[in-house]
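A.B. asks: Before I ask anything, here is the structure I am working with.
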Amino acid sequence: MFQDESSSVTSSPLQVFSMMSLSPNLGSPYPWLRELKSEERGLYLIHLLLTCANHVATGSLENANIALEQISQLASPDGDTMQRMAAYFTEALADRILKAWPGLHKALNSTRITLLSEEVLVRKLFFEMFPFLKVAFVLTNQAIIEAMEGEKMVHIIDLNAAEPAQWIALIQALSARPEGPPHMRITGIHQQKEVLDQMAHRLTEEAEKLDIPFQFNPIVSKLENLDIEKLRVKTGEALAICSVLQLHSLLASDDEHFRKKSPLAMKNLNGIHLQRALQMNQNTLGELLEKDMVNGYSPSPDSASSSPLSSTASVKVDSFLNALWGLSPKLMVVTEQDSNHNGSTLMERLLESLHSYAALFDCLESTVSRASLERLKVEKMLFGEEIKNIIACEGAERKERHEKLEKWMQRLDLAGFGNVPLSYYGMLQARRLLQGYNCDGYKMKEENGCVVICWQDRPLFSVSAWRCRK
């Protein structure tokens with residue numbers, strides 16, 4: 001911990017830095033910055049990121065620029081966990097500053113090309129490099145198999161039909177049923193037609209090979225624009241709905257509605273969380289990223305509950321869930337990021353996302369070489385873009401509104417869904433899959449019949465199953 005200025009004649013660079021204000025008059029501490037050990041450097045980066053975010057939030061752009069310059073001496077997209085993560089948080093803070101000048105921001109991004117095919121590729125890399133979605137698919141499929149026992153016509157609606165591996169495994173499992181396979185129909189929703197075409201080809205091929213009656217119904221649409229009528233649920237079908245990392249994006253439209261109605265409330269909330277964050281600057285990296293309690297600020301499931309934007313009520317999500325309830329699904333399985341990144345202020349989101357992304361970057365540090373190009377792509381094109389969206393964007397543009405399992409349980413309950421505990425056999429399969437990774441960091445815990453997948457003790461993803469309560 002840092003010492004008081006009067007308690008020691010000789011101070012380490014770390015102690016000296018903690019007493020500095022970021023001012024151009026102090027001269028450059030850069031030469032000794034490069035000599036810091038990994039732990040000290042990590043602490044510095046957190047301190048600088050919080051200080052920089054403070055300046056960004058209060059509009060002190062000159063001081064924000066000085067902080068960004070100092071961070072650039074330490075952060076690196078190919079360094080250790082904290083260096084890599086800091087590089088993307090720095091980019092996000094800089095992007096937020098640039099948004100104050102829309103013309104400049106547009107000019108700098110005018111030639112940027114974002115290919116949907118690249119997004120699909122990087123999500124496939126995420127699927128392959130981490131066990132999170134594989135565990136979610138195993139739990140989802142087992143829940144569907146159990147719910148559809150004895151059913152002759154099964155209809156599955158996939159709200160993000162991008163990964164055929166899940167449904168290939170389900171087709172194979174249903175083909176081995178003692179009573180014989182059902183007639184199976186999958187409705188896949190995705191904004192890119194090519195992804196749905198590939199999905200249709202792979203699944204039809206597998207179904208023909210196993211002689212299962214199968215039909216694929218593609219719907220090219222963003223989730224927020226989905227026409228429920230196009231889902232075409234037929235009488236006599238047993239319906240299952242699968243949502244993987246989709247529902248949180250629907251929270252954006254409610255934020256935009258609130259911001260237009262009450263801009264003053266947004267401004268006042270920002271000041272509250274700035275003061276909380278500034279109390280954190282004197283903590284060690286271990287305290288900051290490995291413990292939940294940091295000088296009176298605790299990132300908790302309900303830490304944003306006082307915020308009007310992060311309350312459970314959400315017009316768009318509620319209306320969407322009500323529409324799904326109206327389809328009378330026999331089962332709905334929801335996988336979401338188990339994090340609180342939907343706070344109303346920059347500082348609140350920064351603090352919460354530092355914890356979550358530190359865990360995700362640490363997963364890769366522990367399991368993949370630093371020189372891996374695939375690792376760099378996932379960090380830059382997936383995590384980096386998510387961080388930028390959480391930190392730099394506001395209103396309808398901010399889509400990455402991850403929330404905790406408790407909030408989704410409340411929403412689904414209010415929409416008329418009842419929780420279905422995930423089965424012992426499903427959890428056994430998922431645990432075996434995690435053990436196959438030969439990495440002690442990946443953990444799984446049960447919460448109220450749902451599953452939370454963790455890195456060490458940090459919850460990262462949740463899986464929950466639901467049925468219609470009539």
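A.B. asks: Where the centroid of each part is defined by its Cα atoms, how far is the range 345-366 from the range 43-98 in Å?
C.D. replies: Cα centroid of the range 345-366 versus Cα centroid of the range 43-98: 14 Å apart.
A.B. asks: To make sure I understand the rule: partners must be lysines, Cα under 23 Å from the Cα of LYS445, and not fewer than 8 residues away in the same chain. Which ones qualify?
C.D. replies: List returned: LYS134, LYS291, LYS404, LYS407.
A.B. asks: Shifting gears a bit: In the calculated pair distance distribution of the range 325-470, what percentage of Cα-Cα distances lie above 28 Å? All intermediate terms of the calculation are to be shown ahead of the outcome.
C.D. replies: On the way: 3047 of 10585 pairs.
I get 29 percent for the Cα pairs in the range 325-470 exceeding 28 Å.
A.B. asks: Quantify how much of the Cα-Cα distance distribution of the range 367-446 extends past 22 Å, in percent.
C.D. replies: Considering the range 367-446, 58 percent of its Cα-Cα pairs are separated by more than 22 Å.
A.B. asks: Continuing with this model, one more query. Could you please state how large a percent of the accessible area of the range 399-447 is carbon and sulfur, counting protein chains only and using a 1.4 Å probe?
C.D. replies: 50
A.B. asks: Still on this model: Please calculate how many Å² of accessible area the range 120-258 carries per residue, with a 1.4 Å probe and no DNA, RNA or ligand atoms counted. Don't skip to the answer; put the middle values down first.
C.D. replies: Details: 5730 Å² over 139 residues.
Spelled out: the 1.4 Å probe surface of the range 120-258, per residue, equals 41 Å².
A.B. asks: Under a point spin-label approximation (7 Å from Cα along Cα-to-Cβ), what is the LYS99-ASN419 distance to one decimal in nm?
C.D. replies: Here the modelled spin labels are 3.4 nm apart.
A.B. asks: Here is a follow-up. Once amide H atoms are placed 1.01 Å from N in the peptide plane, what residues at a sequence separation of 5 or more from ASN217, or on another chain, have their amide H within under 5 Å of its amide H?
C.D. replies: Excluding prolines and chain starts, which carry no amide H, the hits are ILE186, THR187, GLY188.
A.B. asks: Just to be sure I understand the curve: with the Debye formula and one point per C-alpha of the range 112-179, what is log10 I(q)/I(0) at q = 0.13, 0.23, 0.28 Å⁻¹?
C.D. replies: -0.46, -1.06, -1.36
The values are calculated or read from the model by the stated rules, or taken from the named source; none is laboratory data. The model shown is predicted, which means the values in this text are computed figures rather than measured ones. Neighbour counts run over all protein chains shown; Cβ positions are idealised from the backbone, glycine included. Accessible surface is based on the protein model in full, side chains and every heavy atom, while ligands, DNA and RNA are left aside. Shrake-Rupley method; radii C 1.70, N 1.55, O 1.52, S 1.80 Å.
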